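Asks: Pasting in a structure now, in structure tokens, and then I'll have a few things to ask.
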Amino acid sequence: MSAGAPHGAGGGSRGGAGGLRASLAGLTTRGRSFLAAGIAAALCAYTLGQGELLRVGLLLAVLPLICVLALHRTRHRVSGSRRLTPMRVPAGGEARVQLRMENVSRLPTGLLMLQDRVPYVLGPRPRFVLDRVEPGGRREVSYRVRSDLRGRYPLGPLQLRLTDPFGLVELTRSFSTYDTLTVVPRTEVLAPVRLSGETSGYGDGSRRSLALAGDDDVIPRGYRRGDDLRRVHWRSTARYGELMVRREEQPQRSRATVLLDTRGVAFEGAGPDSAFEWAVSGAASSLVHLLEQGFSVRLLTDTGTSVPGDGAGFSSGGQESAEAAGLMMDTLAIIGHSDGAGLSRAYDAVRGGGDGGGSFGGAGGDGLLIAFFGDLDDAQTELAAKMRQRTGGAVAFVLDSALWAGRPSQVEVRLGRLRDAGWTALAAPPGVAFAELWRQLGDAPLGTGTSGGWA
């Protein structure tokens, strides 16, 4: 959301010589004609000694100059602001942009023409014409933008063109502020299905972690905004010189990782209907679903990069979980193909090498792994199969390029190897909705040695 009165970029200093020269350059054809006619009439009147003609010539010559001075001052007295709601929309969704212009001078403006600069993928460039704005008055206009392509798109800067009532001068002012619209991948509502190797998002109480409800912990922590003042530990407060509260604990949230294969060599084609965009949308849908089910979630790519990246890379509960969800969706909005050729970095991150901790998912490696793979050769299939050893449950969606292109495919061979290693693996053919494929997980062939659970 952007508000306020941004300063002009390139409007010149008020009253400066350079600014006046720029304002004189804003004379329209009519204004230049008036000025030329006035000068010519004044010269003829002086030569012929005609006083009446001299007054007419002076009027014609001075009128454009007066308009230049008036607009030069007025354009610095017109403020503009932009309000974007919402700032994050799914692909295909719309956002509303509201523009406000305010005349803070003591003089009325002439005709105002607004133009906001937007990328071509968001639609045509919006233009508006505003009539005379009285002193202290304001005008508001709005337009909508949408994009079928995910990404981050700048809006602005806003350009304002002012004209005088006679059409003699036209000046342009550019405001320096801009907003950014984030278009995130489309998400689908997923039904709860029985997956292998994971219980519900919240633990059964046998495992405990530090949080904000439960039995007192013997070690206090610093006060956080929103903490109950009845839980202040006064002895520790006096000792440390800052407000301390008793730490509490609640059941540990189960962990889940969504692994997205972004290797450029693993996908063919581009555009909204490509296999890679299907994988990105599926990863986004999985993240939202797991967070709603109470899981502590992280997004992992083949490069080994984890989002959120602090600590072990998993989201926390409450407000931190919402912020982590926004961060992961923003990452998916701009994610592209990587230059990597293998999954070794992702394997290291899954087995714990990426965060310096133990095995993925905590003791026993009981986390859930949901992976979206592109093309897998024999070596990468074996590497992906080994990832299952570090997890409590693993689900794979394989997007084979040959399958998407209608060519003979080896995807069933890859799926068989993954299932032998304990994965619940499905091929993702072109045209299938991710929500439908997700529902099929309950009936999908399970890997050996896995146990059931809900997610």
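Asks: Take the range 105-129 and flag every residue that is in contact (Cβ under 8 Å) with a residue 40 or more places away in the chain and either touching an Asp or Glu at 6+ places or on another chain (Cβ under 6 Å) or open to solvent by 60 Å² or more (accessible area, probe 1.4 Å) (or both).
Replies: Passing the criteria: GLY110, LEU111, ARG117.
Asks: Considering each of ARG82, ARG100 in turn, give the residue that is in contact with a Leu (Cβ under 7 Å, 6 or more places away or on another chain), closer than 25 Å to PRO126 by Cα and among the basic types (Lys, Arg).
Replies: Details: ARG100 fails: in contact with a Leu (Cβ under 7 Å, 6 or more places away or on another chain).
Being in contact with a Leu (Cβ under 7 Å, 6 or more places away or on another chain), closer than 25 Å to PRO126 by Cα and among the basic types (Lys, Arg) holds for just one of ARG82, ARG100, which is ARG82.
Asks: Can you tell me how many residues within the range 320-343 are of a type in the set (Gly, Ala, Ser) and either at pLDDT 95 or above or assigned to a strand (DSSP E or B) (or both)?
Replies: In the first step, residues of the range 320-343 are kept if they are of a type in the set (Gly, Ala, Ser); the result is 321-322, 324-326, 333, 336, 338, 340-342.
Applying the additional criterion that residues be either at pLDDT 95 or above or assigned to a strand (DSSP E or B) (or both) yields 333, 336, 338.
Within the range 320-343, residues that are of a type in the set (Gly, Ala, Ser) and either at pLDDT 95 or above or assigned to a strand (DSSP E or B) (or both) number 3.
Asks: Select from the range 263-291 the residues that are touching a helix residue (DSSP H, G or I) at 6+ places or on another chain (Cβ under 6 Å) and assigned to a helix (DSSP H, G or I) and list them in ascending order.
Replies: Within the range 263-291, ALA275, VAL280, GLY282, ALA284, SER285, LEU287, LEU291 qualify.
Asks: Return the total of residues in the range 61-103 being open to solvent by 40 Å² or more (accessible area, probe 1.4 Å), within 17 Å of ASP164 (Cα to Cα) and among the β-branched types (Val, Ile, Thr).
Replies: The number of residues fulfilling the criteria is 2.
Asks: Still on this structure: Could you figure out which of (1) at pLDDT below 90; (2) part of a helix (DSSP H, G or I); (3) in contact with a Phe, Trp or Tyr (Cβ under 9 Å, 6 or more places away or on another chain); (4) among the aliphatic types (A, V, I, L, M) isn't true of ALA22?
Replies: (3)
Asks: If you don't mind, another one. Considering every residue within the range 128-138, establish whether at least one is closer than 30 Å to LEU327 by Cβ, more than 16 Å from the chain's Cα centre (by Cα) and not in a strand (DSSP E or B). Please lay out each step first, then the result.
Replies: To start, the set of residues in the range 128-138 that are closer than 30 Å to LEU327 by Cβ comprises none.
Among the residues of the range 128-138, not one is closer than 30 Å to LEU327 by Cβ, more than 16 Å from the chain's Cα centre (by Cα) and not in a strand (DSSP E or B), which makes the answer no.
Asks: Taking into account only those residues within the range 32-58 that are modelled with pLDDT of 90 or more and among the β-branched types (Val, Ile, Thr), which is surrounded by the fewest Cβ atoms within 10 Å (Cβ to Cβ)?
Replies: Out of the qualifying residues, it is ILE39.
Asks: I've got another one for you. Does GLU140 fit the bill of being closer than 28 Å to LEU27 by Cβ and open to solvent by 40 Å² or more (accessible area, probe 1.4 Å)?
Replies: no
Asks: Mind telling me which of the residues ALA371, ALA455, ALA421 ends up being in contact with a strand residue (DSSP E or B) (Cβ under 6 Å, 6 or more places away or on another chain) and at pLDDT 90 or above?
Replies: ALA371
Asks: Condition test on ALA283, is it without any contact (Cβ under 8 Å) to a residue 12 or more places away in the chain and among the aliphatic types (A, V, I, L, M)?
Replies: For ALA283, the condition - without any contact (Cβ under 8 Å) to a residue 12 or more places away in the chain and among the aliphatic types (A, V, I, L, M) - is not met.
Asks: Follow-up question, since we're still on this one. Scan the range 410-445 residue by residue and report those that are under 20 Å from ALA270 (Cα atoms), touching a helix residue (DSSP H, G or I) at 6+ places or on another chain (Cβ under 8 Å) and either open to solvent by less than 60 Å² (accessible area, probe 1.4 Å) or free of Cβ contacts under 8 Å to residues at least 12 places away in the same chain (or both).
Replies: Matches in the range 410-445: ALA427, ALA428, PRO429, PHE434.
Asks: Out of everything in the range 228-237 that is open to solvent by less than 70 Å² (accessible area, probe 1.4 Å) and of a type in the set (D, E, K, R), what residue ends up being modelled with the lowest pLDDT?
Replies: Checked the range 228-237; the qualifying residue modelled with the lowest pLDDT is ASP228.
Asks: Select from the range 238-262 the residues that are open to solvent by less than 10 Å² (accessible area, probe 1.4 Å) and within 30 Å of TRP278 (Cα to Cα) and write down the one among them that is modelled with the lowest pLDDT.
Replies: Restricting to residues being open to solvent by less than 10 Å² (accessible area, probe 1.4 Å) and within 30 Å of TRP278 (Cα to Cα), the top hit is SER254.
The values are calculated or read from the model by the stated rules, or taken from the named source; none is laboratory data. Computed from a prediction, not measured in an experiment: that's the story for all the values here. Methodologically, a virtual Cβ is constructed for each residue, glycine included, from the backbone with ideal geometry; neighbour enumeration extends over all protein chains shown. Surface areas here come from the heavy atoms of the whole protein model, side chains and all, with no ligands, DNA or RNA. Shrake-Rupley method; radii C 1.70, N 1.55, O 1.52, S 1.80 Å.
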